[in-house]
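The values are calculated or read from the model by the stated rules, or taken from the named source; none is laboratory data. These numbers were taken from a predicted model, which means no experiment stands behind them. Reconstructed Cβ throughout: ideal geometry from the backbone, glycine too, with neighbour counts over all protein chains shown. When the accessible area is computed, the model is the full protein with side chains, heavy atoms only, and any ligands, DNA or RNA have been set aside. Shrake-Rupley method; radii C 1.70, N 1.55, O 1.52, S 1.80 Å.
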Amino acid sequence: MSEVENTVRDVLRDVLGLSEDRVATFDAETPLFGALPELDSLAVAGVLTEMEDRLGILIEDDEVDGEMLESFGALTRFATQKALG
């Protein structure tokens, strides 16, 4: 597991109040937005802000779309690309 993937897991756990066990089961295909009741439109801002802080990245508004939030894998790939710059 990559450092970025671990950070994304930690952010989802901390911001959404998910259990460690639940987040540990997430894989690349685990659906997020629309599937996790905790991840509503208001929570998205908190998740992205926390990812910026913990990963030292900047997420522009025009980069946020349904695809990046569709699954755990998509969100992790997005964060990895941003972190690698």
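Taking residue 56 as the residue in question, decide whether it is over 16 Å from residue 74 (Cα atoms), within 11 Å of the chain's Cα centre (by Cα) and in contact (Cβ under 8 Å) with a residue 24 or more places away in the chain. For residue 56, the condition - over 16 Å from residue 74 (Cα atoms), within 11 Å of the chain's Cα centre (by Cα) and in contact (Cβ under 8 Å) with a residue 24 or more places away in the chain - is not met.
Considered as a group, the residues in segment 61-79 that are in a loop (DSSP other than H, G, I, E, B) and touching a residue at least 24 places away in the same chain (Cβ under 8 Å) include one that is least open to solvent (accessible area, probe 1.4 Å), and that residue is 69. The residue of segment 1-60 that is least open to solvent (accessible area, probe 1.4 Å), among those that are among the hydroxyl-bearing types (Ser, Thr, Tyr) and modelled with pLDDT under 95, is 2.
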